[in-house]
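Following: one structure in structure tokens, then a few remarks.
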């Protein structure tokens with residue numbers, strides 16, 4: 001296996017120096033974290049996986065230098081650069097990524113911009129990534145796509161290489177649907193569908209996972225079961241994988257002699273003072289302004305600490321080309337000046353501010369030397385800084401003050417958790433941290449360190465990859481049950497050899513697609529023609545077995561040479577015969593149940609009640625999906641109580657609850673229809689739980705087919721009504737071909753490599 005990592009940036013930054021490409025390793029959280037995992041894997045020798053990392057090199061590289069950079073990147077990092085036009089960077093990165101997705105996903109809607117031109121550039125760059133990646137893919141590859149810059153990429157890869165397992169991980173928060181819906185309808189649907197091109201989707205916290213699943217339901221209409229989304233042709237797993245850090249890297253660096261020396265210097269510099277330390281990128285999501293307001297409130301309300309504490313705040317330059325960041329830097333520097341002017345004196349500076357990148361060694365030394373780490377983002381996907389601080393305390397002292405808005409807060413409850421929007425929370429937490437006994441500090445940090453050491457970045461990456469590989473195995477098992485390939489060829493061969501054949505076909509969702517209003521799901525001319533063609537072969541008998549009332553089936557199909565079963569098997573009309581009831585049943589229960597259904601129609605806008613002769617159906621296809629699912633569950637519970645002593649059952653279908661008499665099933669109707677004339681070939685197709693009764697009564701030799709990938713008693717599956725029609729059309733073509741062929745001693749077998757339709761054409765052309 002080869003692991004293919006795709007991210008917006010490569011683990012290095014490229015430049016042109018002295019006419020030749022030069023690369024410098026990056027220090028981002030994703031880069032350092034994944035590289036630790038990859039290094040560990042490569043050091044294991046036998047069994048180690050191969051890797052390829054694809055991304056943008058961080059600079060516009062002249063065309064004539066690109067081949068040399070490709071060679072250097074492959075040699076030094078096993079990377080492949082994606083070269084983006086300079087014109088794309090503004091609209092893609094500075095535009096849609098950092099002016100639309102970043103603020104919106106971090107709950108800053110007032111800073112969000114919705115520019116169509118930026119959206120088109122975002123789509124273009126995702127396509128450029130796909131174009132660069134797809135030619136490089138091998139059959140044994142596992143693809144792992146990272147972060148918000150490439151949300152469309154999984155689908156693009158899937159379209160080109162559907163057999164490849166694809167993982168997607170979002171490193172920032174996924175917002176609630178109320179925020180996500182601020183995007184234009186077309187954009188948010190395309191983003192959701194892009195991510196759902198994956199086999200596995202991962203988030204840092206359960207909250208983000210839940211919000212994503214809610215947005216999928218309300219945007220694309222897909223319901224999940226325990227985090228699994230069943231699409232037409234596959235299942236997408238959505239799960240939580242909280243990212244860790246390279247714990248030992250920080251622990252060892254913190255305990256080194258070099259760090260000890262730096263720590264001694266820092267403590268000498270800050271002698272007699274407690275040190276509060278904060279390090280972040282200069283980003284409005286990090287809450288730096290709020291942090292200074294909190295420190296201001298602390299100094300104002302606790303004057304006894306003035307002269308005894310110093311706040312060291314480091315802000316690394318970030319996204320300097322975005323207006324919001326430039327404005328925030330100015331506001332931050334003004335706040336620093338105000339605090340220094342209000343509380344400082346000639347002998348004491350209350351706050352030290354630096355606007356620069358700190359080296360790894362500097363950061364670790366400050367982690368060790370400080371008394372408090374103040375990590376308080378307004379919203380953060382995870383925040384690895386909090387974990388780095390804890391890992392860098394070999395004596396297990398020090399206090400972490402952490403925002404509850406950081407994903408890390410879900411794992412680090414031993415920290416002092418605060419609301420970063422309230423200055424009083426800061427003041428109280430800083431005061432508590434400064435007064436915390438050493439014994440309590442050690443107790444808290446010991447628990448944190450044990451947890452972070454166990455679930456480090458290597459375990460995070462391995463668990464995600466293991467889960468991704470598991471989806472591949474599951475897909476392979478499902479693929480073996482698909483009515484395609486060898487299974488399809490076998491079905492066609494058995495069909496041609498049989499002299500008596502039976503087709504049992506559901507209607508809604510099987511022969512026609514679902515529509516919002518079931519009253520409008522009338523058959524089109526293509527379907528009518530197909531249902532006429534199948535019985536032209538005297539060996540074929542067709543039964544449409546549906547939950548529809550008999551008036552619908554009679555109106556639509558009564559003139560066709562097919563049998564009909566209505567209301568899930570209450571009524572049966574053999575071909576060219578009259579309707580008859582298969583079981584004597586009553587409808588006395590309707591008066592008891594109908595008011596309940598009407599109540600839930602009123603409680604759910606978009607719901608409707610359909611009354612049939614011997615059943616009642618409550619539809620909610622047109623309702624808001626999330627509320628519809630909730631009301632359906634409530635209704636099911638109420639109906640179970642009201643019908644406890646009544647001879648009826650409640651069926652849960654696709655956006656419908658139907659109440660009918662017990663003992664009435666599609667399976668019993670099919671058995672009566674086939675009685676006395678057992679077919680040699682059976683093809684039964686349905687899409688709903690009501691069709692399971694039919695699948696269960698069929699012999700094991702039958703070709704039973706469920707639409708979609710739900711758990712089923714059917715032997716095989718197809719993706720949609722379109723696939724069903726294609727199969728039926730091919731079988732009808734095979735019969736026509738046989739009728740036009742010369743009489744032969746053996747059954748005619750149509751090669752799978754040539755469509756039956758084409759062979760018919762050849763026969764017609766030859767006269």
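Tabulated data
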| quantity | calculated |
| --- | --- |
| Residue check for residue 630: farther than 21 Å from residue 507 by Cα, in a helix (DSSP H, G or I) and under 28 Å from the mean Cα position of the chain (by Cα) | yes |
| Leading residue by the ranking (farthest from residue 541 (Cα to Cα)) among those in segment 658-682 that are free of Cβ contacts under 8 Å to residues at least 60 places away in the same chain and outside any helix (DSSP H, G or I) | 662 |
| Qualifying positions in segment 90-140 - touching a strand residue (DSSP E or B) at 6+ places or on another chain (Cβ under 9 Å) and loosely packed, with under 14 Cβ neighbours inside 10 Å | 136, 138, 140 |
| Some residue of segment 598-605 being assigned to a loop (DSSP other than H, G, I, E, B) and touching a residue at least 24 places away in the same chain (Cβ under 8 Å) | yes |
| Verdict on residue 84 being outside any helix (DSSP H, G or I), within 27 Å of the chain's Cα centre (by Cα) and in the same structural domain as residue 194 (by TED's automatic domain parsing) | yes |
| Residue 603, sole failed condition from (1) surrounded by 15 or more Cβ atoms within 10 Å (Cβ to Cβ); (2) in contact with a helix residue (DSSP H, G or I) (Cβ under 7 Å, 6 or more places away or on another chain) | (1) |
| Qualifying residue in segment 572-582 (condition: assigned by TED's automatic domain parsing to the domain that holds residue 505, part of a helix (DSSP H, G or I) and within 19 Å of residue 667 (Cβ to Cβ)) | no |
| Per-region count, segment 683-725, residues crowded, with 24+ Cβ neighbours inside 10 Å, part of a loop (DSSP other than H, G, I, E, B) and free of Cβ contacts under 8 Å to residues at least 40 places away in the same chain | 1 |
| Output for segment 279-302, where each listed residue is touching a residue at least 60 places away in the same chain (Cβ under 8 Å) and outside any helix (DSSP H, G or I) | 279, 280, 282, 287, 302 |
| Conditions (1) under 23 Å from residue 543 (Cα atoms); (2) surrounded by fewer than 18 Cβ atoms within 10 Å (Cβ to Cβ): number failed by residue 647 | (1) |
| Test: residue in segment 392-408 that is surrounded by fewer than 21 Cβ atoms within 10 Å (Cβ to Cβ), in contact with a strand residue (DSSP E or B) (Cβ under 8 Å, 6 or more places away or on another chain) and outside the structural domain of residue 109 (by TED's automatic domain parsing) | yes |
| Single condition residue 358 does not satisfy, out of (1) within 34 Å of the chain's Cα centre (by Cα); (2) modelled with pLDDT under 95; (3) assigned to a loop (DSSP other than H, G, I, E, B) | (1) |
| Qualifying positions in segment 478-515 - in a loop (DSSP other than H, G, I, E, B) and touching a strand residue (DSSP E or B) at 6+ places or on another chain (Cβ under 7 Å) | 481, 483, 498, 506, 507, 509, 510, 511, 514 |
| Selection status of residue 266, in the same structural domain as residue 422 (by TED's automatic domain parsing), on the phi < 0 side of the Ramachandran plot and touching a strand residue (DSSP E or B) at 6+ places or on another chain (Cβ under 7 Å) | no |
| Residue within segment 112-124 that is within 28 Å of residue 1 (Cβ to Cβ) and either more than 18 Å from the chain's Cα centre (by Cα) or assigned by TED's automatic domain parsing to the domain that holds residue 17 (or both) present | no |
| Among (1) in contact with a strand residue (DSSP E or B) (Cβ under 9 Å, 6 or more places away or on another chain); (2) at pLDDT below 95 - the single one residue 700 does not satisfy | (1) |
| Qualifying positions in segment 606-627 - touching a residue at least 60 places away in the same chain (Cβ under 8 Å) and in a strand (DSSP E or B) | 608, 610, 615, 617, 619 |
| Residue among 367, 325 that is in contact with a helix residue (DSSP H, G or I) (Cβ under 8 Å, 6 or more places away or on another chain), farther than 15 Å from residue 281 by Cα, surrounded by 15 or more Cβ atoms within 10 Å (Cβ to Cβ) and in the same structural domain as residue 261 (by TED's automatic domain parsing) | 367 |
| Count of residues meeting criterion [touching a strand residue (DSSP E or B) at 6+ places or on another chain (Cβ under 9 Å), surrounded by fewer than 18 Cβ atoms within 10 Å (Cβ to Cβ) and at pLDDT below 90] in segment 616-639 | 1 |
| Filter result for residue 411 (surrounded by fewer than 24 Cβ atoms within 10 Å (Cβ to Cβ), farther than 13 Å from residue 433 by Cα and in the same structural domain as residue 291 (by TED's automatic domain parsing)) | yes |
| Single unsatisfied condition, residue 21 versus (1) at pLDDT below 85; (2) loosely packed, with under 14 Cβ neighbours inside 10 Å; (3) more than 31 Å from the chain's Cα centre (by Cα) | (2) |
| Yes/no for residue 657 being assigned by TED's automatic domain parsing to the domain that holds residue 597, over 24 Å from residue 722 (Cα atoms), modelled with pLDDT of 90 or more and surrounded by 15 or more Cβ atoms within 10 Å (Cβ to Cβ) | yes |
| Enumerated helices (runs of 4 or more DSSP H) restricted to segment 184-271, each holding at least 3 residues that are touching a residue at least 60 places away in the same chain (Cβ under 8 Å), within 13 Å of the chain's Cα centre (by Cα) and farther than 30 Å from residue 309 by Cα | 206-220 |
| Out of 440, 475, 463, sole residue that is out of contact with any helix residue (DSSP H, G or I) (no Cβ under 9 Å at 6 or more places or on another chain), in the same structural domain as residue 390 (by TED's automatic domain parsing) and part of a helix (DSSP H, G or I) | 440 |
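The values are calculated or read from the model by the stated rules, or taken from the named source; none is laboratory data. Because the structure is a prediction, the values reported are computed rather than measured. Positions of Cβ are backbone-derived with ideal geometry, glycine not excepted, and every protein chain shown enters the neighbour counts.
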